[in-house]
1. Count, for each residue of B:117-126, the Cβ atoms from other chains sitting within 10 Å of its Cβ, then give me the mean as a whole number.
2. How many angstrom lie between the Cα centre of region A:138-169 and the Cα centre of region D:322-350?
3. Label region D:160-232 by shape, choosing from rounded, prolate and oblate, from the square roots a ≥ b ≥ c of the eigenvalues of the Cα gyration tensor; if a/c is under 1.5 it is rounded, and otherwise prolate applies when a/b is larger than b/c, oblate when it is not.
4. Roughly speaking, what is the centre-to-centre gap between region D:31-103 and region B:150-171 when only Cα atoms are used, to the nearest Å?
5. Suppose R0 equals 51 Å; then what is the FRET efficiency for residue A:166 and residue D:493 from their Cβ-Cβ distance, rounded to the nearest 0.05?
6. Distance in nm between label sites at residue A:90 and residue D:361, each 7 Å beyond Cα in the beta-carbon direction?
7. Using the eigenvalues of the Cα gyration tensor, what equivalent ellipsoid semi-axes result for the protein assembly as shown when each is taken as the square root of five times the eigenvalue, whole Å, largest first?
8. Largest first and to the nearest Å, give the Cα extent of region D:40-522 along each principal axis.
Amino acid sequence: MRSRWWWLMAISLAASESQAQSNGWNMPVGVTDVSSDIYGLHMTIFWICVVIGVVVFGAMFYSLFRYRHSKGAKAAHFHEHTSVEVLWTAIPVLILVGMAVPATATLKNMYDSSEADLDVMITGQQWRWRYEYLGEDVAFTSNMSTPRTQISGEEARGEHYLLEVDEPLVLPINRKVRFLMTSDDVIHSWWVPDLAVKQDTIPGFINENWVKINEPGIYRGQCAELCGIDHGFMPVVVHAVEEEEFESWLAERKESAEQEAMGVDREWEMAELVERGESVYQSICSSCHQAEGQGSPPAFPALANNEQLISDVDWHLDKVINGVSGAAMPAFRSTLNPVEIAAVVTYTRNAWGNDTGDVVQPSEVAEIIAQ
Amino acid sequence: MDDQEQAKVGVRRTVIRTVAVLVGMFGFAFALVPLYDVFCQVTGLNGKVDATAQSIVHEEVDESRYINVQFITRGSPGLPWQMSVEMRQMSVHPGQMAEVDFTFTNNSSSESWGRAVPSVSPSTATTHLRKISCFCFQEQQLQGNERLTIPLVFQLARDLPDDINTITLVYTLYPIEHVVQNAALDNTLKSSANSELVNDPKGNLSNTPKNNKAAGEAI
Amino acid sequence: MWSVVKSVLAALLGVQSNQKREEDFSSGRPAAYLITGVVITLLFVLLLVFLAMFAAR
Amino acid sequence: MAPKLPPQPSLQHSTTAVADGQSHGHAAPPKGILRWLLTTNHKEIGSLYLIFSLTMFFIGGIFALVVRAELFQPGLQLVEPEFFNQMTTMHGLIMVFAAVMPAFTGLANWMIPLQIGAPDMALPRLNNFSFWLLPVSFTLLLSTLLMPGGGPNFGWTFYAPLSTNFAPPSTTFFILALHIAGISSILGAINIIATILNMRAPGMRLMDMPLFVWTWLITAFLLIAVMPVLAGVITMMLMDINFGTSFFDAAGGGDPVLFQHLFWFFGHPEVYIMILPAFGIVSAIIPTFARKPLFGYASMVYATAAIALLSFLVWAHHMFIVGLPLVAELFFMYSTMLIAVPTGVKVFNWVTTLFRGSISFESPMLFALAFVVLFTIGGFSGLMLAIAPADFQYHDTYFVVAHFHYVLVPGAIFAIMAGVYYWLPKWTGHYPNEKLAQWHFWFSIIGVNLTFFPMHFAGLAGMPRRIPDYALQFADFNLLSSIGAFFFGASQLLFVLGVILCVRGGKKAPAKAWEGAEDLEWTVPSPAPLHTFETPPVFHRTSH
């Protein structure tokens, strides 16, 4: 039934515009079949509620107006009427059954786990998303790219304030993409309204969802489950492109991953590492350890003037690579590449008065990881 | 006054009954924990896999269906291990037995303990997945820089629902601090029941009919 | 027995009449109503479970 | 008419009544603060509950205003996200456990003995104890805000592992505070059940009780059934945090989703605990001011029982997106949709009670009517949320925030206010200043709708809940909500003013303060003397 008629019914009832993006105050129709089915369900139940509301509130306000004490209304004394009561129990039941049927059909469609063309693993981390194209050797982390200065108001806010990332998830249209979702720390929830996908990512467990996008475009969403301090700063951006464009993007990504891997072998200059490290620090570390490394003790220790950090490079590297068990510090061994780890460690060791002068080379990091 | 006496007796009776219900409900909350596990295993809810070995069921292999089984391994903070799998995915027939090797590497120079926690998606497949041998049944111990390869031996039941054609097995490595026994109370019981497996993870594989090994191909 | 079941069903739907309720409360068998209520609730749950399983097929 | 007793101590004084106790402590020894500490009188304990609840309502309200002030415009202006999370969490916890629940318990303490013709609660000393646990509990809870690492910051639903492995150190105190509050509710519930079942006036059968008593009886059973589950959950959390177990930690073989199942097995009935007594209050007020018996009294009782029973079968509708299997989603969707039926029956009954009545619009009636309309709107959004596929879009957005605030603010809280205005003449002997009460009503209703109605749109347009900052397209809705929230908050000062003035004086109220009022409480003088029904009244069956 591809459920077009629900959509049409809703549209005709709502007489609203059928554009894909949200009109700003209603649920978006979205760009998948599932999302438009859901929109149809939403509008249908909404109008059912409106009709019931008009009838009930109509009767109520009529009574309030008609039987005013001040106008000398005399109270009747009836207090039950079984057939009326049976009737107003039966009618809602029928309405609900009528509603349950299409809802069940849509839900079954959403749970259809038949073969997908592409598998993407989505991992929630405090507070970023990691995307892995399974079997393609392409994986990256997607951080919010809105600068902290916009949040604090020092700079004018951009059009996509809080809903922009450094690397969007790129997906092909017209192909069934299966999402496998999990988390590294707490429960997050990956949500893009236009795709009608919202699914919790649960540490240690895997959830599944799928999407087949009909139109190319940029679709934005956010983490929907409270996951700590930066829950509000964990956007999702999906870039849906034509299939050929997706293929060439994927090939490009593979190539650049190889190039980055080669960068591991060469000797890096300190200035180069510090520059790279600062951008990594600001996008990944500053949400907890703060922009100036002052931290937010006791949960997030300061890095500036941290005795242990200054005195012990190996300890420092170990914490960044392997994380701290039972604390918020994640292991970055697989989320950052050796170049990034070396850069951020070098930067941290030489910023905010931590003038150790240490330079950590990517090759050293790679060696530790590969050990 | 007779009424008041009666009320007093009534109050006492009511209080005793409500307190009994209270205690019962408090116990019920805790009973829900194992009940939930049982419920999950019966229904496959949440992709929670039975943490004990099952035996092979000799049933006819359904050659008409290929099921794509994917393996995903994940590390976690605080455990300097790497876990890898010999192939990312394999195709198996329902009823066929399959084996795949997982390799654990301790990257640090000191001994540590870890546990691979399994999860299956879609969860409806869980009850149709029989694990004959799995490293996930117990904790693993790795000496400094040790590398250990352990196979996962499993079978998909023939009655696997028709609408399932891809199954994803995910293993997440978690550290175990061995100073404190970091396991749920019922888990300590479970793992002691499996103590033989701990000593010889490959032990019960000796009688595995090798010719039945899946036509698993690395893809 | 049938009248007990009918009463409980009517009660669950919230359409019990006052007169009928008077009868029930004067019958002096609260246990019968309680047990019937619990059984009907269980049946109701089972019905929903089967409905869900049927619909999921 | 009972003889005039010494003047009633000012029970509904101000939040400092405990300190003021001395000035009117001449009624009975011991005097001063000790009198309030040791009182076993249901009326005094009822007043203590109400005063405590009002205080907490303002504290929780201030937290809400901190949240709304931060959300006034995009960007972070006033508070850090960490403090913001503590504010949302504390607002929820305080409003649920320290404002709404104690307010209903306070009304129960005052009114249940009066409505069933009992001299006091069944277990007066226990009653005192269960009240005084509350200030202890919530002082402890509020003090966590000052502890290193801050107070609880994981939402009032405290999902693991955010509330266990990733929680601030103060979480142990949060658990302790919740345990104490839970014990208090449980003791209160035992007392209420024991009172209702054993202390009714001779001749009053269960089916003769006023609906407020009925709904509270059912609520008390719900409390007995689910508070121990909450206690169990937080005990497991405590063990996970401090004793190395892994109930909710996947690393040790536990399951974070189990936490949600357990929590909502408590949490959903808890939602009904906060609304059923409100049904009772409204069912008392509407017939009074329509001068007509309640339509379908029996249906109302049965519908309440049915709602309570169904509330145990719907918990997972809070978890549609955690990855439940299809069968579970369908089961919980169907059962949730069905709960709309008995709830609908109640609304139809209220409307039919109005039909062909003789209706006047005093302040209690206004709040009760607003309750019916706005609670029904909250019910409609609840029905929308019940549709599982649609919930994939609504879940954890401001649409949900709008939904439960419609059910709880113009629902539970308006009903409490309606009850207070309705029974104030009985408590103090004076009518509340009607003009002031009407201003309070109109300001409140404008404030509530201005605050919560735009949230529907913000949620549908894609704004998740519990975020300290938001994208620019949500700015207009949040601006309106924040203005509404401050307006609503400020207008509650009128309520306090009205109550204080009413305690101090005002138009004298007769025993039967409202023309159409029927129940037993209106047979004792206004103000109700400290001791009533020492000899049980003879109950005459009325028409319902």
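1. Other-chain Cβ atoms within 10 Å of each residue's Cβ, averaged: 6.
2. Answer, in whole Å: 40.
3. Prolate, since a/c reaches 1.5 and a/b exceeds b/c.
4. 52
5. 0.60
6. In this crude spin-label approximation the distance works out to 3.7 nm.
7. Values: eigenvalues 608, 217, 179 Å².
The answer is 55, 33, 30 Å, longest axis first.
8. 64, 47, 45
None of the figures in this text is laboratory data; all of them are computed from the coordinates on show. Keep in mind that what you see is a predicted model, and the values were worked out from it rather than measured. For neighbour counting, all protein chains shown are included, and Cβ atoms are generated from backbone atoms with ideal geometry for every residue, glycine included.
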